[in-house]
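Engineer: Quick one: the structure is below, and I'll ask about it shortly.
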Amino acid sequence: MNFIKKQIYNPLALTAAFFVLLTILFGVLWVLVPPPPKSIEMATGFPTGLYYQFGERLKSEIAKEGVDLNVRSTGGTLDNLALLNDPNSGVDFAMVQSGVANVAEYPNLVSIAGMFYEPIWVWYREGAFKNDGGQLKILSQLKGKRVSIGNDGSGTLALTQSLLQTSGITDKEIGAQKLKPDEAILKLNNGELDAVFIVAAAEAPILKKFYSIPGIRLMDFDQADAYTRNLTYLSKVTVPRGLLSIEHDQPRQDIQVIAATATLVAHDNVSPAMVSLLLSASYDILKSYSRLQKVGEFPSGSGLDFPLHADAEIYLKDGPSFLHRHLPFWTAVWAGRFVKIVIPLLVILIPLFTYIPTTKNFLLRLKLAQVYEELKVIEKNAQNPALKEKNFKDLVDIERRVGNIKVSMLDAKELYDLKGHVGEVRHRLNLVH
């Protein structure tokens, strides 16, 4: 029993147990705070579109930090949402056009940031609108015409259908055809179509294929303000004459268009470090996207369908964290992990430290109290001659144990009081015998 007591009150044993517990807690928290992945996949769009081109530029930027980005070509926004929502697709991020998604169907998705404007360009053949002076100003003029409204799975299709529905126009009234961009361009060039809807940033390579088609123009949305009031995820953008192509004079006059916002979307459990990395890379890339947007306007937290990720909101407001500003990416990641683990440990251990002196004092008093109980028994049996030898033997054992007790400077009085009382008991035994 005495051996067990010694082990319980042994400071070395308590210290060892404390560090074992600390190591276990640290290990558990280390597992619960995983590092960001070194390889990610992003769903974009057609290789000729800006989603794909933007993904390729992101790939080059984050490769400098040791992260590999696989850029997946897709049919567009709806395909991207389906892939991102499928846990078996391997897709971690996706480019999504605002105004397309039914957010309630994707409760686990969040926005990282809006990246650039995507205007709705309506290219039309002047000859198809002779009765209107060769100009297309409002969508109701498309009734009875042959129109490409975008391919299945694309944001163009979803947004065009919203515009037509808001305008009170059915697919049948305009002879709607669901075509991919290249197919629509070919038919427009051959005179098999009167108009083509396409949603793309001004910098998108696909737009260049329209410039050389003879006799075509871009629609000037006279009702742009009305559409943006009814469809609040859209913005009105003014496009100066020749902005798309000075050489081909496109557009041929200043026009108004309505624009969605291209948004980078991810799962809600995305690594905060990855959010910081992608936003940092995006700032550098978007400096060259200045045809329709002001420098510094994007990345943005405005015009988004999905809720903005908390860490993205902080980054857009305050910039990168202190660690990511002053350290290389992976060094900042590991330092951040360490901090996230140390803080919970301190929350656990600081209150514990306040109890250590009290606990230590209690254990000392308990140890001294046991000695006093034994002294009381010796004093009680002091008058019994038959217990003389046992009393002296027990007292020697007590003196030995008391002599081995180590206390702090603050507890020295307690120990020396005990030693004095042990000496008094020995004195009484000597007087009796």
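The values are calculated or read from the model by the stated rules, or taken from the named source; none is laboratory data. Source: prediction; values computed, not measured. Here Cβ is always computed from backbone atoms with ideal geometry, including for glycine, and neighbour counts include all displayed protein chains. These area figures cover heavy atoms from the full protein model, side chains too; ligands, DNA and RNA do not enter into them. Shrake-Rupley method; radii C 1.70, N 1.55, O 1.52, S 1.80 Å.
Engineer: Tell me whether region 314-334 contains one or more residues that are aliphatic (A, V, I, L, M) and modelled with pLDDT of 70 or more.
Structural biologist: So far as region 314-334 goes, yes, one or more of its residues are aliphatic (A, V, I, L, M) and modelled with pLDDT of 70 or more.
Engineer: Identify the single condition in (1) open to solvent by less than 20 Å² (accessible area, probe 1.4 Å); (2) touching a Ser or Thr at 6+ places or on another chain (Cβ under 8 Å) that residue 109 does not satisfy, given that it satisfies every other one.
Structural biologist: Against the list (1) open to solvent by less than 20 Å² (accessible area, probe 1.4 Å); (2) touching a Ser or Thr at 6+ places or on another chain (Cβ under 8 Å), residue 109 comes up short only on (2).
Engineer: I'm checking my understanding of the structure. Among residues of region 366-388 that are farther than 17 Å from residue 399 by Cα and not hydrophobic (A, V, I, L, M, F, W, C), which one is surrounded by the most Cβ atoms within 10 Å (Cβ to Cβ)?
Structural biologist: 381
The rows are residues; the columns are (1) open to solvent by 10 Å² or more (accessible area, probe 1.4 Å); (2) in contact (Cβ under 8 Å) with a residue 60 or more places away in the chain; (3) small (Gly, Ala, Ser).
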residue: 130; (1), (2), (3): yes, no, no
residue: 138; (1), (2), (3): yes, yes, no
residue: 146; (1), (2), (3): yes, no, no
residue: 168; (1), (2), (3): yes, no, yes
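Engineer: Here is a further query. Can you tell me which residue within region 378-412, out of those that are aliphatic (A, V, I, L, M) and under 21 Å from residue 361 (Cα atoms), is farthest from the chain's Cα centre (by Cα)?
Structural biologist: 398
Conditions tested, residue by residue: (1) of a type in the set (Gly, Ala, Ser); (2) in contact with a strand residue (DSSP E or B) (Cβ under 9 Å, 6 or more places away or on another chain).
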| site | (1), (2) |
| --- | --- |
| 47 | no, no |
| 64 | no, no |
| 74 | no, yes |
| 85 | no, yes |
| 94 | yes, yes |
| 103 | no, yes |
| 106 | no, yes |
| 109 | no, yes |
| 114 | yes, yes |
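Engineer: Being under 26 Å from residue 182 (Cα atoms) and of a type in the set (Gly, Ala, Ser) is the filter here, so list the residues in region 72-105 that pass it.
Structural biologist: 73, 75, 76, 82, 94, 98, 99, 101
Engineer: Continuing with this model, one more query. Among the residues of region 288-314, what is the count of those that are assigned to a helix (DSSP H, G or I) and open to solvent by 20 Å² or more (accessible area, probe 1.4 Å)?
Structural biologist: Residues in region 288-314 being assigned to a helix (DSSP H, G or I) and open to solvent by 20 Å² or more (accessible area, probe 1.4 Å): 4 in total.
Engineer: Enumerate the strands (runs of 3 or more DSSP E) found wholly within region 185-287, keeping only those where 2 or more residues are closer than 17 Å to residue 303 by Cα and either open to solvent by less than 10 Å² (accessible area, probe 1.4 Å) or not charged (D, E, K, R) (or both).
Structural biologist: In region 185-287, 235-239, 255-267 are the strands (runs of 3 or more DSSP E) which contain 2 or more residues that are closer than 17 Å to residue 303 by Cα and either open to solvent by less than 10 Å² (accessible area, probe 1.4 Å) or not charged (D, E, K, R) (or both).
Engineer: Go through (1) outside any helix (DSSP H, G or I); (2) open to solvent by less than 60 Å² (accessible area, probe 1.4 Å); (3) out of contact with any helix residue (DSSP H, G or I) (no Cβ under 9 Å at 6 or more places or on another chain) and name the single condition residue 88 misses.
Structural biologist: (2)
Engineer: Which residues, counting only those in region 413-423, are over 13 Å from residue 361 (Cβ atoms) and open to solvent by less than 90 Å² (accessible area, probe 1.4 Å)?
Structural biologist: Selection gives 417, 418, 419, 420, 421, 422, 423.
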